[in-house]
1. If I filter the range A:96-111 down to residues being outside any helix (DSSP H, G or I), open to solvent by 10 Å² or more (accessible area, probe 1.4 Å) and of a type outside the set (D, E, K, R), which single residue comes out as nearest to the other protein chains (Cβ to nearest Cβ)?
2. Hey, does the range B:12-25 have a residue that's more than 25 Å from residue B:181 (Cα to Cα) and not in a helix (DSSP H, G or I)?
3. Can you find even one residue in the range A:66-76 that is under 25 Å from residue A:358 (Cβ atoms) and either open to solvent by 10 Å² or more (accessible area, probe 1.4 Å) or out of contact with any helix residue (DSSP H, G or I) (no Cβ under 8 Å at 6 or more places or on another chain) (or both)?
4. Determine whether residue B:52 is farther than 17 Å from residue B:22 by Cα and either loosely packed, with under 15 Cβ neighbours inside 10 Å or out of contact with any helix residue (DSSP H, G or I) (no Cβ under 7 Å at 6 or more places or on another chain) (or both).
5. Taking the range A:303-320, which residues are at pLDDT 95 or above and part of a loop (DSSP other than H, G, I, E, B)?
6. For the range A:363-391, name all the residues that are assigned to a loop (DSSP other than H, G, I, E, B) and crowded, with 18+ Cβ neighbours inside 10 Å.
7. In the range A:134-152, how many residues are closer than 23 Å to residue B:8 by Cα, buried (at least 24 other Cβ atoms within 10 Å of the Cβ) and in contact with a helix residue (DSSP H, G or I) (Cβ under 9 Å, 6 or more places away or on another chain)?
Amino acid sequence: MRANTWAGRNRVEVRDVPDPTILNSRDAIVRVTSTAICGSDLHLVDGYVPTMQDGDVMGHEFMGEVVEVGSGVDPSRLRVGDRVVVPFPIACGACAACTAELYSCCENSNPNAGIAEKMFGHPVAGIFGYSHLTGGFAGGQAQYARVPFADVGPLKIESELSDEQVLFLSDILPTGYMGAEMCDIQPGDVVAVWGAGPVGQLAMDSARLLGAAEVIAIDREPYRLRMAEEAGHTVVDFEEVDVRSRLLELTGGRGPDKCIDAVGLEATHGSTPIGAYDRIKQAVRSETDRPHALRQAILSCRSGGVVSVIGVYGGLIDKFPAGAWMNRSITLRTGQCHVQRYMEPLLRLIEQGELDPTRVITHTLPLEQAPYGFEIFKNKREDCEKVVLKP
Amino acid sequence: MELTATTTIRRPARDVYAFWRRLENLPTFMCHLDEVRVTGERTSHWTASAPFDRTVEWDAEITDEVPEEFVGWRSTGDADVPNAGRVRFAPAPDGVSMEVHVVLVYDIPGGPLGKAVARYFGEEPHQQLDDDLRRLKQVLETGEVVRSDGAPWGKRARKEFPQRPAQPLSAEEVEELAKEARA
């Protein structure tokens, strides 16, 4: 089959690879009908997540048709012919973490738990197409994908919704939603979202749905800010204004009640010296992540507020504003999304028209053009917000 | 050399104990064991892979046990690498899971064999036992050892990193895996 693979830093390549087979009895094989490029795929391509290898099949946002199931898959849960969306964390459904609905912390799905434990203190769940640290599972930017624990994760789509309407249940919609949910939004809350990429946009929509009085988008790309504005959110361009001052103006001096970091480890900064400081430290590996958005969110948040982190961090950060965080009673909440927890309720919201994740799609390309898709998404060319790939 | 490791498994004491006490099960998750054959009520014969494609064998006996609480064993006779072990099962505070505490003691001999054994365990001897217990947890909680494309070999993992790329196995590799499963 054809698959988009990691081919070294800053290079992806569509290659011929073997078709997947059942390796565990609870596996299914899915013929991929739609898949997408995620912002976190860029962290892999940019070389900020260790343990990628030449030839790794990429992609953790995908859906399709079940073409084969292992002997251990209960037919009442999944059968050949079912149309499914596959959540990005691989979860066994039986361990203590899964029982507590903390699926991205599944204790059994990562065969490379030993590597993850060395980096993170405790292991994390397996993730499709997302380095060997998270299991070394082939991803979904391919014609076919093997899905372990197929009786736990995949969500059956039995209505007539299009692929585009439901594809993002695999990651970015639940991730954005969880970012808003972690904010514990109260009536009257102003929620500021750093990053108007696809996850940020869906976090904004979710925050409004959960009752925020006002949602503020912070970015510098005009097309991304325009997209947020068209969806009814207030925008702040960090190239044009000082973010903290502008947020104070917009909130009567209080600061946003709740802040969401939808940027993560490769932030860019309006202030050149600070940006240069982090870039140099990251380049010499004395800091692995550039945490401007997180620092700014903590400093901007009102006292007693919540900072919710859904942007990806991989290692260590520098100059963490611990004083602001501690002295001003700020709650920091985070996690890789526990997608399985949100898929069904969010599918209902899509069916009811309460959420329309298709609004972030700007490009639909054949799988063969994945390298081009990565290029325009990474360099924010052609007003690229979200790329859907068709195998 | 003494190795200790522990894990928590979300299964009742009787299941975890019964699985371990059926000693033939140990090679399904313990990396170095090829086979354990039960030879009597308290005696068994163990075969393990050693460095350079050698195998070592020894007889063992259960020295003491209390069902659902602990099992202790040790090698008997003229074992190449005299060893002993003890596994203890204790209820976790959550009321549904069991903690499994394992201690293995190896009496590593002098000479070339001792050196080879020491090298086999490498710089991080604990890692192997930790991984063994992770596989025990996978088997008891999910039914089998979990395989990925990068790490498809289960307990026969060749190397932690680099691995084979995270892309589907070739027909030859699938056949190799099937052969191992049959063995």
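1. If we take residues in the range A:96-111 being outside any helix (DSSP H, G or I), open to solvent by 10 Å² or more (accessible area, probe 1.4 Å) and of a type outside the set (D, E, K, R), then A:111 is nearest to the other protein chains (Cβ to nearest Cβ).
2. Yes, there is a match, as at least one residue in the range B:12-25 is more than 25 Å from residue B:181 (Cα to Cα) and not in a helix (DSSP H, G or I).
3. From the range A:66-76, those under 25 Å from residue A:358 (Cβ atoms) are A:66; that's our starting set.
Checking the rest, the ones that are also either open to solvent by 10 Å² or more (accessible area, probe 1.4 Å) or out of contact with any helix residue (DSSP H, G or I) (no Cβ under 8 Å at 6 or more places or on another chain) (or both) come to A:66.
Yes, that holds for at least one residue.
4. yes
5. Taking the range A:303-320 and keeping what is at pLDDT 95 or above, we get A:303-310.
Matches in the range A:303-320: A:303, A:304, A:305, A:310.
6. Passing the criteria: A:384, A:385, A:386, A:391.
7. So the first thing to find is which residues in the range A:134-152 are closer than 23 Å to residue B:8 by Cα, and the list is A:134-135, A:148-149, A:152.
The next check asks that each one be buried (at least 24 other Cβ atoms within 10 Å of the Cβ); those that pass are A:134-135, A:148-149.
Still in the list and also in contact with a helix residue (DSSP H, G or I) (Cβ under 9 Å, 6 or more places away or on another chain): A:134-135, A:149.
Matching residues across the range A:134-152 total 3.
Residue-by-condition table, conditions (1) at pLDDT below 95; (2) assigned to a helix (DSSP H, G or I); (3) surrounded by 21 or more Cβ atoms within 10 Å (Cβ to Cβ):
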position: A:159; (1), (2), (3): yes, no, no
position: A:169; (1), (2), (3): no, yes, yes
position: A:176; (1), (2), (3): no, yes, yes
position: A:188; (1), (2), (3): no, no, no
position: A:196; (1), (2), (3): no, no, yes
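The values are calculated or read from the model by the stated rules, or taken from the named source; none is laboratory data. Just so it is clear, the structure is predicted and the values come from calculations on it, not from any experiment. Virtual Cβ from ideal backbone geometry, glycine too; neighbours counted across all protein chains shown. Side chains included, ligands, DNA and RNA excluded: accessible areas come from the protein's heavy atoms. Shrake-Rupley method; radii C 1.70, N 1.55, O 1.52, S 1.80 Å.
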